[in-house]
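Trainee: I have a structure here, written as structure tokens, and I will follow up with some questions on it.
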Amino acid sequence: MMAEQSNVNLMSNSKLTFNEDVIAKIAGMAIRDIDGVLSMNGNVFDNIADKIRTKEDLTKGIEVDVGEKQAALDLEIVLEYGKNAHLVFEQILRAVSHAVESMTGLQVVETNVYISDVMTKKDWKKTE
């Protein structure tokens, strides 16, 4: 009984927090395979850094505000030409909220998606 009481006290006096980059990475991993999202955009410096880096930055184009129980995200994407933007948006909302909520317990209260460009897959591959 004493060990149970000790565990209850420990849990009530402790908290789990997340770095904003962790939430951004979870979101980036959740949407990288969504049909219609060609890439996540960052700023000019991110694009230059990508040319130097050997691995993909999954947090590029994702801004996160994390509280103790909630998270809000702003995402910037390049939409594939011919894809339905509203459908892609809905898929992003579902994928991001499910991944963040199931992995962290944080409630996603807001997800804003900014489409910064539209390109054909062929044209997009030329820019890589």
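Every read-out reported here was derived from the displayed coordinates using simple, explicitly stated rules and does not represent laboratory data. Just so it is clear, the structure is predicted and the values come from calculations on it, not from any experiment. Every residue, glycine among them, receives a Cβ derived from its backbone with ideal geometry; neighbour counts consider all protein chains shown.
Trainee: For the pairs Lys83/Lys121; Lys25/Lys122; Lys83/Lys126, note any where the Cα-Cα span goes beyond 22 Å.
Mentor: Values: Lys83/Lys121 11 Å; Lys25/Lys122 26 Å; Lys83/Lys126 19 Å.
Correct reply: Lys25/Lys122.
Trainee: Here is a further query. Within 10 Å of each residue's Cβ, count the other Cβ atoms and sort Asp57, Asp65 from fewest upward.
Mentor: Values: Asp57 16, Asp65 13.
If I rank by nearby Cβ atoms, fewest first, I get Asp65, Asp57.
Trainee: What per residue convex hull volume, in Å³, do the alpha-carbon atoms of segment 67-118 yield?
Mentor: Numbers: hull volume 3.3 nm³, N = 52.
Here the figure is 63 Å³ per residue.
Trainee: Given points 7 Å out from each Cα along the Cα-Cβ axis, report the Asn9 to Glu110 separation in nanometres with one decimal.
Mentor: 4.1 nm
Trainee: Test of understanding: ordering Leu58, Leu87 by Cβ neighbours within 10 Å, fewest first, what list do you get? Before the final figure, lay out the partial values.
Mentor: On the way: Leu58 18, Leu87 12.
Fewest-to-most ranking of Leu58, Leu87: Leu87, Leu58.
Trainee: With a Förster radius of 22 Å, plug the Cβ-Cβ distance of Lys122 and Asp74 into 1/(1 + (r/R0)^6) and report the FRET value to the nearest 0.05. Before the final figure, lay out each step's value.
Mentor: Details: r = 28 Å, r/R0 = 1.29.
After rounding, the FRET efficiency stands at 0.20.
Trainee: Further question: Consider just the alpha-carbon atoms of segment 18-127 and return their Rg together with their Dmax, both in angstrom.
Mentor: Answer for segment 18-127, Rg first and Dmax second: 13.7, 42 Å.
Trainee: If you take every DSSP beta bridge whose two residues both sit in segment 18-127, what share of them, in percent to the nearest 5, is antiparallel? Spell out each step's value before the answer.
Mentor: Values: 8 of 19 bridges.
Bridges in segment 18-127 are about 40 percent antiparallel.
Trainee: With a 10 Å Cβ neighbour count serving as the proxy for reagent exposure, in which order, fewest first, do Leu73, Leu79 appear?
Mentor: Exposure proxy ranking, most exposed first: Leu79, Leu73.
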